[in-house]
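Please read the structure below before turning to the comments.
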Amino acid sequence: MVDALAAAQVLSEIGYLLRQDPKEVFRAKAFSMAAWSLALERPDLEALHRDGKMTTLEGVGAGIGKVLAELVETGQSRYLARLREEMKQPAREDESRIDFNDYQGDIHSHTEWSDGRATMLEMAEGARALGYRYLGITDHSPRIKVVNGLDAERLVAQSREMAQVQSQVDGLTLLQGIEVDILEDGALDLPDAVLEILDVVIASPHVKLRQEPAAMTERMLRAAAHPHVDVIGHPTGRRPGSREGASYDFEAVFKEAARNGVALEIDCDPARMDLIPQDRILNFRPLDQLTDALD
Ligand SMILES: [Zn+2]
């Protein structure tokens, strides 16, 4: 007996573990995508298995279909067990699901205004359906040309649409924000006067991630000290298997962020895993210890 959400968690963990191996990036993506579609569609896996129709599910080929069939029959996945062993990952003792009841909203989201695939209204309705109380709309800033980033003028137009959308959704507060690019010298890609009036400012490094560490540290320190920044987005910019991400004095930058009440985004998308767990590569101390160490 296994329901779609529990199966999605298994596929997602397989995707996560496979991503540690650069040769398995494609297979990892396939597992992650299948996990997504199971979590969203919640199909009846028992019925599909009984009818031999597992591979009619979106993104489920023979390999993933076998894992799902085994889950339906035994509630276990030997493939996952083997990967955990190979990657020296302990089996999680607490297999219980994340409780989404206390989860009240997201502050980082993209819409068709830049590189998102849904309209603001669709995003707002989706957020309502998840029971969210707030949703931050944080599209890209103008420097990111390929994704049609927003300048001051388009932000004004966007705020008009937001007022309209807000009147169509009950019980959800829309916040207007931006994912502003951190330029090479640590300045931000929009003037202070614009950032000041937005509800949420996420500052993210997107280009020149391979800057030499001392310069990158200066760049990130400047962003973390900016008076209008609320969050540093995907702090390293890494994409396991395809892009290494920035390297800098993490402890100094995270201390500066803590000092200024700036949050660090934890991006759990398996394609990013940014920040990565403490015991890998980034050897920094947990934030509560950092805060304790501050004077
Ligand atoms: Zn970004």
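A compact table of results
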{"item": "Förster radius 22 Å - calculated FRET efficiency between E46 and L130 (Cβ-Cβ, nearest 0.05)", "result": "0.30"}
{"item": "C-alpha center-to-center spacing [region 17-52, region 201-267] in angstrom", "result": "32"}
{"item": "Once exposed loop trypsin sites (Lys or Arg not before Pro) are cut out (DSSP; at most 15 other Cβ, 10 Å), longest piece of the chain", "result": "134-207"}
{"item": "DSSP-defined antiparallel bridges as percent of all bridges, region 84-232, nearest 5", "result": "5"}
{"item": "GNM top mover of G131, G237, G15 - the chain, alpha-carbon springs below 10 Å", "result": "G131"}
{"item": "Net length gained if the chain between D151 and D170 were fully extended (0.36 nm per residue, minus Cα distance)", "result": "4.0 nm"}
{"item": "Cα gyration tensor category, rounded, prolate or oblate, for the chain with a/c compared to 1.5", "result": "oblate"}
{"item": "Filter on K145/K208; K23/K255; K23/K53; K145/K255 - keep pairs with C-alpha separation over 24 Å", "result": "K23/K255; K23/K53; K145/K255"}
{"item": "Estimated FRET transfer efficiency when R0 is 30 angstrom, pair S159-D185 (beta carbons, to 0.05)", "result": "0.55"}
{"item": "FRET efficiency estimate (nearest 0.05) - Cβ-Cβ, C268 to K66, R0 30 angstrom", "result": "0.70"}
{"item": "A225-Q89 pseudo-label distance in nm [points 7 Å out on the Cα-to-Cβ vector]", "result": "3.9"}
{"item": "Stretch gain in nm, segment K23-E244, where the contour uses 0.36 nm per residue and the Cα spacing is subtracted", "result": "78.1 nm"}
{"item": "Share, in percent, of DSSP beta bridges within the chain that are antiparallel, nearest 5", "result": "15"}
{"item": "Fluctuation leader among V67, V262, V229 - the chain, Gaussian network, Cα springs under 10 angstrom", "result": "V67"}
{"item": "Point-charge dipole on Cβ atoms (K/R +1, D/E -1) for the chain, about Cα centre, debye to 20", "result": "960"}
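FYI, it's all coordinate maths here, none of it is from the lab. Keep in mind that what you see is a predicted model, and the values were worked out from it rather than measured. Here Cβ is always computed from backbone atoms with ideal geometry, including for glycine, and neighbour counts include all displayed protein chains.
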